[in-house]
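The values are calculated or read from the model by the stated rules, or taken from the named source; none is laboratory data. All values reported here derive from a predicted model rather than from experimental measurement. Because the Cβ atoms are built from the backbone with ideal geometry, glycine has one as well, and the counts that use them run over all protein chains shown.
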């Protein structure tokens, strides 16, 4: 969910779609929670802990220095552990990098949401180590299309 949220702030549609699909596979709610989180984090029906972590993620996306002691305290007061906070900051910062990586490769969004299901399941099963997840699923398709245009 954090990867999808930060990717939406970075306007990286491919990463929003793939990580929304991963979250959907885990939550089995047809994308309601992720969509609501991305579109209106203030009123989405997620736990106060997750809201506090999403708030930290949004601040990290702008600048790591935007996260205040009050943000950390608020997250802890709502049940977040130090590991939760660490992982949120790490994921948020990493996705600022990953979004630029994916966009720099001109990775095109897939045609339909259903096209993300198989890669989302592979990502859940193997992680990013599946022989180069991005290359396996997306670079070949992206660069093949750009070659046809040239």
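Annotations
- Residue tally, condition outside any loop (DSSP other than H, G, I, E, B), in contact with a helix residue (DSSP H, G or I) (Cβ under 9 Å, 6 or more places away or on another chain) and free of Cβ contacts under 8 Å to residues at least 40 places away in the same chain, over segment 34-50: 7
- Considering residues of segment 23-33 that are in a loop (DSSP other than H, G, I, E, B) and modelled with pLDDT under 85 only, the residue farthest from residue 77 (Cα to Cα): 30
- Taking each residue of segment 102-124 that is over 16 Å from residue 19 (Cβ atoms) and looking for partners that are in a loop (DSSP other than H, G, I, E, B) with beta-carbon atoms closer than 8 Å, six or more apart or interchain, yields nothing.
- Being surrounded by 12 or more Cβ atoms within 10 Å (Cβ to Cβ), in a helix (DSSP H, G or I) and either at pLDDT 95 or above or touching a strand residue (DSSP E or B) at 6+ places or on another chain (Cβ under 6 Å) (or both) is not true of residue 79.
- Conditions (1) surrounded by fewer than 21 Cβ atoms within 10 Å (Cβ to Cβ); (2) closer than 26 Å to residue 122 by Cβ; number of the one not met by residue 7: (1)
- The number of residues in segment 13-39 that are at positive phi and surrounded by 15 or more Cβ atoms within 10 Å (Cβ to Cβ) comes to 1.
- Of all residues assigned to segment 36-51, at least one qualifies as being within 13 Å of residue 3 (Cα to Cα) and modelled with pLDDT under 90.
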